[in-house]
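Everything below concerns the one structure shown next.
The values are calculated or read from the model by the stated rules, or taken from the named source; none is laboratory data. The model shown is predicted, which means the values in this text are computed figures rather than measured ones. We place every Cβ from the backbone using ideal geometry, glycine too, and count neighbours over all the protein chains shown. Heavy atoms of the whole protein, side chains included, go into the accessibility calculation; ligands, DNA and RNA do not. Shrake-Rupley method; radii C 1.70, N 1.55, O 1.52, S 1.80 Å.
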Amino acid sequence: MSGSSLLGGPEAVLARQRAYAVLASFLVLANLLVLALAREGTPSREAMIGLCAQALALGLASLTMRLPQHGAVLLVRGLLVVGVAALAALPGWFFGPNGPFAGFIAILLLIAGVIVEPGRRAAIGVSMYVVLAGSQAVVVALVLSGVLADRSLVPLFLPGHPLAHHAVGHAAIQLIYLTAFLSGAALGRRYATVLRAIADAHQTTAWKDALLEEARADYLRAVRVGRDESAPAARTSSLPPPGGVEDTEVQRRGAKRPLSSQSDVAARVSVAARVSVAPRVSAPPPSPGPIQSAHDGARAWDDAYRLRKRGQDALIFALAIFGSALLGLVGPAPIPVLVGCAGIVCVALLALVAREREELRAPAWAIIGLVSVAPAYAVGIHSGFVCVVATLLFVGSAFEPTGASRSFVARYGMLAGASLSHALVFGLIVLGVVPDQGNAPVLAPGHTTLEPLLLHVSVQALFVLAFALGRAVDRRQIELLREAERARAESARRDAQLEAADRDVARALEGDGAGLFTGQVVGPYRLGRVLASGGMGDIYEAAQEDEPGGTRVAVKLVRRERVSDPLTLALFEEEASALARVSSPFVAAVLGIGGRGAELPYLAMELIEGSTLATILRERGHLSLDEVRGLVRDVADGLRAVHAAGIIHRDVKPHNVMLTASRDGMRWKIVDFGVAQLHEVAGVSSTVLGGTAPYMAPEHALGERVDARADLYALALVAYRSLAGRPAFTGDDRIAIAELARRVGPPDPHGGAPLSRDLELVLRVGLAARAEDRFATAAELRGAFESAFDGKLSDRLRKRAEAFIREAPWA
């Protein structure tokens, strides 16, 4: 079972489409019962019209479940099921509002309670309760007032009873209706708890899967860098790696090595002050304050079961007191009253035994099913007391504790007890062995021989229907709890894999940092350890030869296999010249250039000391909202300067953004322009590939023309990664990722940090698959994020973003 199949709300608990279809079939068959029971003077025609209309409405409601669940469909389905509730008044008048039809009403109310949903959808379930219970009360009021004739199969007016008795009897049935609806709603809430736990576990597992993919990619790149350094002679090919995407991943060597200078120490202290690097959590929680694991869903279920059991016990004792008093008030004869009260006391005592001794729960409830016939006999086994038994059968079979006994007695004991005892008493009454002294007699005057038998068959059918629906819900509970355990185990496995991946990446990044040109003099610089390695070249730590111990710089060399390529050298020189024109505190500054005339072309840049965003995210999982705000602001300002110089970076990602100390405090800087591309370079196509697949704009990955908006898309992905605690896309298949971005879009980012609606809207626009739907400039993107963080997004931008997110929602 997939995680996505569990996110259907009440549909994941009760297959409403199937339930509607089953109830519609039951109502169609009820027409045959009406035909068989119809006699002169009964409202059989009205009952058949009502039953047919109900079946049609339920059938249409079942069909709406196949349609997209938007506002119009929900409204139509709501009107249909409320119509079913209203039409119940007609068959209720035929069978008798205080007759066995009350059991069917109770079943409908149990289902209505289960399907109550949060928000506006709750109105459907609540409306069903109000209309169902209200329609039966209206029929009673009209009959008692004389507006409608008392022509029901089970008449409302009973010989020897004053009007008050009939009103009190229906009030008791209305109390059971309310109990049924609230019991169903409680079931729905308990299942929702388990569903949320499973959904959280699946979402967390998906988060961890994305982090594992990211860690594996870091590990493979680090291994490739190590191989390049240990076997430089093997660098003989100028072809890009498989997939056509140039390997430009930069691995900062020695990131976990001891710091070698006071400036390093100062930078690290400042970084710690700004970023507060904590021990790495395996994965960010999928939502604020989630259930810790799917296993907690099972525990929550058991807690809910115990709570419901206490509530059920309290209800049983309350009903025992109320029922005994009611029997004493309206009982027709001493013997039925004594039998009924004895049965009620027995039920209360058995419920107490079941509460205190869990191992006796199954036999106790089987006996409760047996003795339920005692109060049923006193009131009438074909009376409205059927709704009490139906409610107990549904609830008792639908809500079991985890690990409960699944023996025959536990599964079917209560149904067997209730069905057998009711059938036995019915047979004894028909045979004359037991006097027919209930409030609603089984053998009422004017009934044919067949009518009592058909009524009893319908009562037994209601028992089976209530039990079957409850068992269906219980089976779903078992499936959910098994899925919860699987999700918990899967999440635990991901935790272990992430811990192992962290250790493997750390080991892969270790090394002495010696490169092919370590110790050599290039231009005025003596090269030291390798800081990074990419597709265009290696970056060395260096210092000026005539200033030992002076300011250190980063020197980038063209890789040996590319030195003989005139196009590569032209690109390198153009890149260096353009970067020299970039003046921004958020971009690594160019300090010196050695072009085609130099013995070994190089580019000297300021050495950025600090931590890459990738390192920080590996340690922490995600950033806070304030940290992301500073990240987007600084990188956007850096990109604005880069784009103004006519350069497209084309590889903005966490590894190429560093947090470093400055006179003005901590700031983020853009580094590594190894695959940067000028807007216009003679002889160079603007569709040249290069970059890292998970952070490439779709048009870039597919070899289409790119512009500055590709960098802005990558920055939005970096913000997403920092907020959500996971990358939006993973893998190294650039084409598959681009197609996924265009067809489906990024997954919902609500994870590492709570996102306001404004921030969600701006982030989604920044990640638009089509360049024309994104922000046009870095300044526009920065302004939108600033407004979103402040909660002051302009109406124009908010409307634009709302329209876009309706067209392209989160995956």
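Details
- Test result for residue 663, at pLDDT 85 or above, farther than 27 Å from residue 217 by Cβ and of a type in the set (D, E, K, R): no
- Residue 40 being surrounded by fewer than 24 Cβ atoms within 10 Å (Cβ to Cβ) and assigned to a loop (DSSP other than H, G, I, E, B): yes
- The residue pairs whose first member lies in the range 604-631 and is touching a residue at least 24 places away in the same chain (Cβ under 8 Å) and among the acidic types (Asp, Glu), whose second member is open to solvent by 20 Å² or more (accessible area, probe 1.4 Å) and not in a helix (DSSP H, G or I), and whose beta carbons are closer than 7 Å, counting only pairs six or more residues apart or on different chains, are 606/589; 606/591; 619/277; 619/280.
- Test result for residue 185, modelled with pLDDT of 75 or more, assigned to a helix (DSSP H, G or I) and either out of contact with any Asp or Glu (no Cβ under 6 Å at 6 or more places or on another chain) or open to solvent by less than 30 Å² (accessible area, probe 1.4 Å) (or both): yes
- Residue 161 being open to solvent by less than 60 Å² (accessible area, probe 1.4 Å), over 25 Å from residue 35 (Cα atoms) and either in contact with an Asp or Glu (Cβ under 9 Å, 6 or more places away or on another chain) or in a helix (DSSP H, G or I) (or both): no
- Members of the range 759-811 found to be more than 27 Å from residue 642 (Cβ to Cβ), open to solvent by less than 40 Å² (accessible area, probe 1.4 Å), in a helix (DSSP H, G or I) and not charged (D, E, K, R), listed by number: 805
- Restricting attention to the range 726-758, the residues that are assigned to a helix (DSSP H, G or I), over 15 Å from residue 694 (Cα atoms) and in contact (Cβ under 8 Å) with a residue 24 or more places away in the chain total 1.
- Residue 379 being at pLDDT below 85 and out of contact with any helix residue (DSSP H, G or I) (no Cβ under 6 Å at 6 or more places or on another chain): yes
- Residue identified as over 30 Å from the mean Cα position of the chain (by Cα), more than 21 Å from residue 82 (Cα to Cα) and open to solvent by 50 Å² or more (accessible area, probe 1.4 Å) among 35, 56: 35
- Any hit, the range 58-77, residues being under 26 Å from residue 141 (Cβ atoms) and either modelled with pLDDT under 85 or not β-branched (Val, Ile, Thr) (or both): no
- A single member of 42, 64 is of a type in the set (Ser, Thr, Tyr) and without any contact (Cβ under 8 Å) to a residue 24 or more places away in the chain, and it is 64.
- Condition met for residue 643 (more than 23 Å from residue 730 (Cβ to Cβ), under 40 Å from the mean Cα position of the chain (by Cα) and outside any strand (DSSP E or B)): yes
- Among residues of the range 410-437, those that are in contact (Cβ under 8 Å) with a residue 60 or more places away in the chain and in a helix (DSSP H, G or I), counted: 1
- Index of the failed condition, residue 748 passing every other in (1) at pLDDT 90 or above; (2) surrounded by fewer than 21 Cβ atoms within 10 Å (Cβ to Cβ): (1)
- Pick from the range 539-558, criterion open to solvent by less than 20 Å² (accessible area, probe 1.4 Å) and of a type in the set (Val, Ile, Thr), ranking: farthest from residue 609 (Cα to Cα): 558
- For the range 60-83, the set of residues classified as closer than 24 Å to residue 95 by Cβ and open to solvent by 30 Å² or more (accessible area, probe 1.4 Å) consists of 80, 82, listed by residue number.
- Annotation note: of 596, 581, the sole residue that is at pLDDT 75 or above, open to solvent by 10 Å² or more (accessible area, probe 1.4 Å) and of a type outside the set (Ser, Thr, Tyr) is 581.
- Enumeration of residues in the range 617-635 that are open to solvent by less than 10 Å² (accessible area, probe 1.4 Å) and touching a Ser or Thr at 6+ places or on another chain (Cβ under 9 Å): 617, 621, 623, 628, 631, 632
- Any chance residue 703 is closer than 30 Å to residue 748 by Cα, surrounded by fewer than 24 Cβ atoms within 10 Å (Cβ to Cβ) and either at pLDDT below 90 or under 32 Å from the mean Cα position of the chain (by Cα) (or both): yes
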